[in-house]
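Novice: Please read through the structure below; I'll follow up with questions.
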Ligand SMILES: Nc1ncnc2c1ncn2[C@@H]1O[C@H](COP(=O)(O)OP(=O)(O)OP(=O)(O)O)[C@@H](O)[C@H]1O
Ligand SMILES: [Mg+2]
């Protein structure tokens with residue numbers, strides 16, 4: 001286990017000395033300070049850190065929803081100006097539209113991107129089937145459980161086959177069992193498609209279970225304090241979480257946060 | 001399937017309750033008037049009200065239709081104008097600062113008191129009546145619609161921006177449908193206010209309508225005829241309110257089902 005990850009030469013996403021300061025009534029809030037991160041193409045990156053350390057801010061900056069106030073971000077070598085091409089996002093709340101059926105909610109992605117709906121219909125149905133929602137295409141979101149709704153919102157993000165998938169605590173509101181299911185499904189999808197994923201979570205075991213690399217952030221101001229590789233074989237069964245190797249990684253995160261005083265052992 | 005049937009039965013049960021309560025009240029009313037010999041000028045019995053109606057039903061029905069027409073037209077104007085204003089207010093910082101501020105300020109004035117002004121401006125007759133009704137009905141519609149248009153989940157907007165949704169898509173695929181439940185609750189208040197406005201309009205700029213009938217019957221101390229008009233107004237108000245309610249259930253099945261946790 002190397003302390004800081006080796007430099008990445010073929011970065012897909014490159015974050016260079018990025019800083020973000022929000023103006024506010026009580027003066028400027030420094031949400032991110034000197035963040036440096038290279039993301040390899042096809043990599044699964046988990047980001048963990050205490051509440052308020054700037055994880056969502058980092059994700060919004062990468063998504064082009066917020067501008068950074070210093071440094072720069074490049075995607076495939078091009079400086080980021082607004083939302084990049086080929087990106088899908090999933091938030092903690094599924095934000096499905098109640099007046100649309102599940103299928104129409106998934107197709108919304110194509111509509112927003114300005115693609116003809118009909119072209120994506122078959123793909124939407126396939127995705128829904130892959131994520132266990134066959135037979136629910138014509139139901140409305142309020143007829144589905146929280147886990148099913150979040151599955152639908154993942155299908156929506158995947159509809160137009162994005163290269164980059166940004167997920168901000170997507171399973172944070174789900175019960176432990178549903179969460180396990182979705183972790184397995186997400187890992188399987190990722191292995192089949194080779195997308196680049198940035199996955200924010202509060203759960204240490206979820207972070208390790210899914211990731212190729214784990215990024216640890218800390219507060220005051222928001223910054224990256226450690227990055228390490230997770231060398232566990234794939235596909236990973238849920239039971240891998242009980243192995244010693246897994247425990248070492250989880251312990252590393254816990255230990256780090258304890259040292260930073262954000263987690264008390 | 002079974003659930004929606006259960007919900008329907010629940011609803012039917014409620015309308016059954018209403019019918020029973022009204023029937024009970026009518027019987028008690030009739031009995032009380034007869035037992036205590038209340039003079040008809042104070043409180044006529046339901047039987048006398050019914051007789052007065054049957055004596056000249058077409059006069060009442062004609063005037064009721066007139067009031068209904070005023071209410072309906074005023075309501076339609078309020079909805080169309082109100083929605084246009086609300087979209088403008090949400091889309092334009094300038095309109096928000098001017099028009100919306102003005103609307104909020106006027107809204108706290110007891111607007112019924114402004115009714116005589118319209119008679120000065122527009123004279124007696126239908127246009128004054130309409131103006132008073134629109135003035136009352138449009139406020140709840142604009143204000144509710146503005147709130148609905150604004151209350152979109154910020155993450156939904158983030159998602160839309162991240163997928164480069166057009167401004168048009170954001171308004172017509174997210175904001176407007178999201179505002180429909182609020183629009184309908186504004187419309188439920190608005191339809192009642194339109195009726196109130198029509199009556200007040202007939203009071204001050206009269207000539208025709210149930211409000212005018214109330215006024216003339218009062219002038220002749222014909223309490224029974226006043227009550228006939230009031231009962232008809234009550235029936236009309238209830239039917240109008242439920243008409244909007246039914247329209248909402250049909251237009252927004254997703255919303256009505258959400259409101260009833262077990263439906
Ligand atoms: N729009 C904003 N305006 C002002 N300050 C903001 C804004 N958004 C976030 N912040 C501040 O920036 C800091 C980082 O917030 P952020 O939401 O990125 O944290 P987070 O790591 O995602 O937290 P959590 O784990 O609770 O989701 C916080 O101090 C927050 O108060
Ligand atoms: Mg967050």
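Novice: Being more than 10 Å from chain B (Cβ to nearest Cβ) and in a loop (DSSP other than H, G, I, E, B) is the filter here, so list the residues in segment A:102-118 that pass it.
Specialist: Those that are more than 10 Å from chain B (Cβ to nearest Cβ) and in a loop (DSSP other than H, G, I, E, B): A:115, A:116.
Novice: Next question. Out of segment A:20-63, which residues are away from ligand 2 (no atom under 16 Å from the Cβ), without any contact (Cβ under 8 Å) to a residue 60 or more places away in the chain and either in a strand (DSSP E or B) or closer than 17 Å to residue A:167 by Cα (or both)?
Specialist: Within segment A:20-63, A:21, A:38 qualify.
Novice: Against the condition away from ligand 2 (no atom under 16 Å from the Cβ) and closer than 16 Å to residue A:45 by Cα, how does residue A:177 come out, does it pass?
Specialist: Criteria not met by residue A:177.
Novice: Next up: Please go through (1) assigned by TED's automatic domain parsing to the domain that holds residue A:58; (2) under 19 Å from residue A:47 (Cα atoms) for residue A:188 and return the number of the only condition it doesn't satisfy.
Specialist: (2)
Novice: Out of the residues in segment A:215-250 meeting the condition of being away from ligand 1 (no atom under 16 Å from the Cβ) and out of contact with any helix residue (DSSP H, G or I) (no Cβ under 9 Å at 6 or more places or on another chain), tell me which one is farthest from the other protein chains (Cβ to nearest Cβ).
Specialist: So the residue we want is A:244.
Novice: Has segment A:74-89 got any residue that is under 26 Å from residue A:176 (Cβ atoms) and touching a residue at least 60 places away in the same chain (Cβ under 8 Å)?
Specialist: There is at least one residue in segment A:74-89 that is under 26 Å from residue A:176 (Cβ atoms) and touching a residue at least 60 places away in the same chain (Cβ under 8 Å).
Novice: Further, regarding this structure: Which condition from (1) modelled with pLDDT of 95 or more; (2) more than 17 Å from the chain's Cα centre (by Cα) is the one that residue A:178 breaks?
Specialist: Every condition holds for residue A:178 apart from (1).
Novice: Also, quick follow-up: Of the conditions (1) more than 14 Å from ligand 1 (Cβ to nearest atom); (2) away from chain B (no Cβ under 14 Å); (3) modelled with pLDDT of 95 or more, residue A:47 clears all except one; give me its number.
Specialist: (1)
The values are calculated or read from the model by the stated rules, or taken from the named source; none is laboratory data. Keep in mind the model is a prediction, meaning the values are calculated, not measured. We place every Cβ from the backbone using ideal geometry, glycine too, and count neighbours over all the protein chains shown.
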